[in-house]
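Report on the following structure.
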Amino acid sequence: MKKIAILVSLLIVAGLLLAACGQQAPQTVVVTQVVEKNGEQVVVTQVVEVTPTPPPEPVTLDINWGTEPPTADPGLATDTTSVAVAGQMFMGLTKFNPKTGEVEPWLATSWEASEGGAVYTFHLRKDVPWVKYNTATGEVEQVLDDNGNPRMVNAHDVEYAVKRTLDPATASDYAYVLYIIKNGQAFNTGADGVTADDVGVKALDDWTVQFTLESPAGFFPAIAGMWVVSPVPQWVIEAAGEKWTEPGTVVTNGPYVMTEWVHGSELNMKRNPYWPLWAANGGDIKGNIDVIHGVMITEESTAFALYENNELDTTGVPLGEMDRVKSDPELSKEYYNAPDLCTYYYGFVNNKPPFDDVRVRKAFAMAVDKQSLVDNVLKGGQTPADHFAPPGIFGAPDPGAFSKEMPFDPEKAKALLQEYLDEKGMTLDDFNALGITLMHNTSESHAKIAAAIQQMWKDNLGVDVKVENQEWKVYLDTIKKTTPLDEVPHIFRLGWCVDYPDENNWVYEVFNNTAGANRLRRGCVDATCTEVKPMKFDELTEQAKVEQDPEKRKELYYEAEHELAVTEAAYIPLYFYVINTVTKPWLQRDYPPLGAPNYWDWVIDWNAKKAATGG
Amino acid sequence: MAVANLSAEDEEILSRRQRSLWRDSLARLMRNRLALISGAVVVLLVFVAIFADKMAPYDYATQDLDANNAVPSYLMWLMPKHAERYAKIDNSFLLGADYLGRDLLSRTLYGTRVSLSIAVVASLVSLTVGTIYGTISGYVGGKVDNLMMRLVDFLYGFPFLIVVILLQTYFKALARVGAEGGFAKVLLDWNAKMGGMLLLFIAIGLVNWIGMARLARGQVLSYKEKEFVEAARAVGASHTRIIFRHLIPNVMGPLIVAETLAIPGYIFTEAFLSFSGLGVDPPTPSWGIMISEGVQNLRTYPLQILVPAAALSITTLAFNFLGDGLRDAFDPRMAE
């Protein structure tokens, strides 16, 4: 029996319609199958006659991307919208299980680490084709190589993608997560004599790719699943340049292909029928969504109104509607609430007076009633934060671990501020004359939170704080560490969401004053932080990064978190995010805490949706 | 002597005529009931703006987080269905409270200050600058007129909002850096005291005189050839005198009308700028800020947008009707 060819996977291929006649006429189709014979792989091409049936109505998912994605290029994506779009079109080597958060095979079927854990070898699937959407016919087509065979995603594509992300010419903002790869940082920062060839990634053969790391890192398989590692089509990028992600040009390998991108308005996708993981193709992905219709609506309240009107299948719950959603008989059943791996915080500019004094920072931190903020303003069941990494991240302290040392305590806060004022011979009026400024990026909810906290500082400390906001890109530029001290606000708002579930992604990559952006300006020698001296926290995070013993790492991270939140009080952790969504009863969905949403796994009861929307 | 006498007599006749022109207009305005009511509303608004701190039951910034989104029991009929399941009923706030438990009525009353100040200051600035610029341009004529009007055309080419946004961004950055002393320091201190309003006034005023200047020039061009100007010139009146004594009072009518009709635009500009974070600094309330906050929970707590939106609508309508009434009053031909 084993001598009989075993079907490994089936690819219904290449819409080479030799006889394109009427709808019901039999058509000849070229079918290519990869078949394993006696352990050897053979590509078999057959000509088959099929009689097409009228196509059933596509199962359509209506979603809101939230905003125009800045890019669909996985090498350049930095924000959640871009990641969500790129994640449908490109496969990473691994992915996270949407329910458990564990790292699972995706493009790679298996991987192994060398002794010591500094070299990782990934074995790739051999049946994932490159596909392209034909805008003229409205069909998804396979991309053929020079010999007319379907072109498959291989290890060389992965190698190219990694080197492209790290190439300084690509200017990828997320290149830093690949600094763990040998010579990654040197190549990305343009160090002398380091070329792409020195980067520690190599295709050993067509289906095996090997990564050599700077230091052993147990979390590397999680990084390998990130969008910046997803294979991209070199030949298309080189031919089309920056416009390569437009529909009709873009060549992809994921479960969905982009069919239409009306910038600023909507971005639509269609199921890739050649994707080997669909149940129909012998895989184990059971989602039934044929078409993703995604609009770009920035105002959460508008999107929510569309949801109530059955025009969206799922959406977030805006702050203002929370009371009604939780008490409405229908909406409360559709409401879902779960912890999300993100943290909301206010950073102090640690070298800008008066926040260069730890007592002032502590006073401001202790004067914020996080519980009241969460209960009365946010209302979404968020957890008040007392440190940076939320539960679920490797190495994160338990929530509330430091809340005894950094409690909400107006008396103590006032005393600390008074101590500072006395020492400097200042009055509260002098202090207020300094014009303390809190800045956030423009958004309805950030403004609400800022207004609440502004008043807490006023009531509990007697301090007048000015609140300002700027558009996101301008804002990021304002709060970078090289902005002159005069122009940077004293306090700024930011959030951080997980890239991979390890403390290294949190305390080290965000706050270490040499590795991170150092917006807190910790340990600055001069005003614009051209030079920094590492402090205890920075040393702890560096140690923990290379430490191999998990228990020891946890201890180091605990100490580092304590150092930053309590000893230095360098920032105010405010709360850990939650997902607050509503979903129509006909949609079965997951809530992956990290990475792109897994639309490929979602299932819609189409008849129920049709009945409800009257379509 | 004879000449001097004639001039004095002439002046008397002219000034009597002027007064009667204004009085005629006033009489016509009095007959227009809608305009009259609108005028009363505007006077009332000015009164509210001046005495907001005396009238408001609470301070505009005081928050009572536990009373967030409170609704008074007698306004529950304005709320959506099932509201009794979630709304906090609290009669200590006359018109309810916002998401931070701040009194809506007090915030709306204080918001009148911002909106009306914008209306008054921006229109004074644009009226003064625009009238003087346009009149001089139209009166002098020739090359000077050409040059001055080309400058206006040039400025007109810039989209108004972008200029205001640029100015406000610049001013805000300036305010953050602070000034060492001198005039800039005085200005910034005042601005801080006014919750960021002063710089907003300047920004809006600086871009709005352009239309007024064009209008004034057009009027002056038609008036300067009229007989009474000829006569004034013939008796040897100086240019300054002709401009301020004879021309400006005559062109003022249409300008005031245009300005009144432009006021709702200024109020909206303030609302827009505050919404995009370039207006007044929180927690200073303005109707624009309140509306943009209210629209987010329109379907859950409609009261929070209804109150400031009603205030804005009434004000806008009042200024529009008053403007219409003034136009009819100053230019009876258009009314027929």
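The values are calculated or read from the model by the stated rules, or taken from the named source; none is laboratory data. Computed from a prediction, not measured in an experiment: that's the story for all the values here. Cβ coordinates were reconstructed from backbone atoms using ideal geometry, including for glycine residues, and neighbour counts include every protein chain displayed. Please note that ligands, DNA and RNA were not included when accessible areas were found on the heavy atoms of the full protein model with its side chains. Shrake-Rupley method; radii C 1.70, N 1.55, O 1.52, S 1.80 Å.
List of remarks:
- When residues in region B:134-156 are screened for being open to solvent by less than 40 Å² (accessible area, probe 1.4 Å) and assigned to a helix (DSSP H, G or I), 9 of them pass.
- Scan region A:560-603 for residues that are part of a strand (DSSP E or B), out of contact with any helix residue (DSSP H, G or I) (no Cβ under 8 Å at 6 or more places or on another chain) and among the hydroxyl-bearing types (Ser, Thr, Tyr) and the total you get is 2.
- Residue list for region A:557-589, restricted to those being open to solvent by 20 Å² or more (accessible area, probe 1.4 Å) and farther than 19 Å from A:Gly381 by Cα: A:Tyr558, A:Glu559, A:His562, A:Glu563, A:Thr567, A:Pro585, A:Trp586, A:Gln588, A:Arg589
- Some residue of region A:168-188 being open to solvent by less than 40 Å² (accessible area, probe 1.4 Å), at pLDDT 90 or above and assigned to a strand (DSSP E or B): yes
- The helices (runs of 4 or more DSSP H) falling completely within region A:423-487 that include 3 or more residues that are surrounded by 17 or more Cβ atoms within 10 Å (Cβ to Cβ) and in contact (Cβ under 8 Å) with a residue 40 or more places away in the chain map to A:444-461.
- Criterion: of a type outside the set (Ser, Thr, Tyr), touching a Gly at 6+ places or on another chain (Cβ under 8 Å) and more than 9 Å from chain B (Cβ to nearest Cβ) - qualifying residue of A:Leu428, A:Leu417, A:Leu485: A:Leu428
Conditions (1) within 28 Å of A:Met456 (Cα to Cα); (2) assigned to a helix (DSSP H, G or I), marked per residue:
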position: B:Asp59; (1), (2): yes, no
position: B:Gln63; (1), (2): yes, no
position: B:Asp66; (1), (2): yes, yes
position: B:Leu75; (1), (2): no, yes
position: B:Lys81; (1), (2): no, no
position: B:Glu84; (1), (2): no, yes
position: B:Asn91; (1), (2): yes, no
position: B:Leu94; (1), (2): yes, no
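- Under the condition of being at pLDDT 90 or above and not in a helix (DSSP H, G or I), the residues counted in region A:501-518 number 2.
- Test: A:Gly294 is surrounded by 18 or more Cβ atoms within 10 Å (Cβ to Cβ), in contact with a strand residue (DSSP E or B) (Cβ under 7 Å, 6 or more places away or on another chain) and either among the hydrophobic types (A, V, I, L, M, F, W, C) or within 30 Å of A:Leu107 (Cβ to Cβ) (or both): yes
- When the residues of region A:311-328 are filtered to those that are in contact with a Lys or Arg (Cβ under 7 Å, 6 or more places away or on another chain) and open to solvent by less than 10 Å² (accessible area, probe 1.4 Å), the one that is farthest from the other protein chains (Cβ to nearest Cβ) is A:Asp313.
- Neighbours by Cβ (under 6 Å, 6+ apart or cross-chain): first from region A:367-381, more than 10 Å from chain B (Cβ to nearest Cβ); second open to solvent by less than 10 Å² (accessible area, probe 1.4 Å) and in a loop (DSSP other than H, G, I, E, B): none
- Taking region A:1-98 as the region of interest, the strands (runs of 3 or more DSSP E) fully inside it that hold 3 or more residues being in contact with a Phe, Trp or Tyr (Cβ under 9 Å, 6 or more places away or on another chain) and modelled with pLDDT of 85 or more are A:60-64, A:94-96.
- Test: A:Trp227 is open to solvent by 20 Å² or more (accessible area, probe 1.4 Å), over 24 Å from the mean Cα position of the chain (by Cα), of a type in the set (A, V, I, L, M, F, W, C) and within 20 Å of A:Met89 (Cα to Cα): no
- Restricting region B:271-290 to residues that are out of contact with any Ser or Thr (no Cβ under 6 Å at 6 or more places or on another chain) and part of a helix (DSSP H, G or I), the residue that is farthest from the other protein chains (Cβ to nearest Cβ) is B:Ala271.
Residues checked against (1) open to solvent by less than 30 Å² (accessible area, probe 1.4 Å); (2) in a helix (DSSP H, G or I); (3) away from chain A (no Cβ under 14 Å):
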{"position": "B:Ser292", "(1), (2), (3)": "yes, yes, no"}
{"position": "B:Arg299", "(1), (2), (3)": "no, no, no"}
{"position": "B:Leu317", "(1), (2), (3)": "no, yes, yes"}
{"position": "B:Arg327", "(1), (2), (3)": "no, yes, yes"}
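- The test for being open to solvent by 20 Å² or more (accessible area, probe 1.4 Å), more than 14 Å from chain A (Cβ to nearest Cβ) and over 30 Å from B:Gln219 (Cβ atoms) holds for B:Leu75.
- Residue satisfying all of: in region A:76-130; under 18 Å from the mean Cα position of the chain (by Cα), of a type in the set (D, E, K, R) and over 16 Å from A:Gly254 (Cβ atoms); most open to solvent (accessible area, probe 1.4 Å) among these: A:Lys99
- Conditions (1) outside any strand (DSSP E or B); (2) in contact (Cβ under 8 Å) with a residue 60 or more places away in the chain; number of the one not met by A:Lys610: (2)
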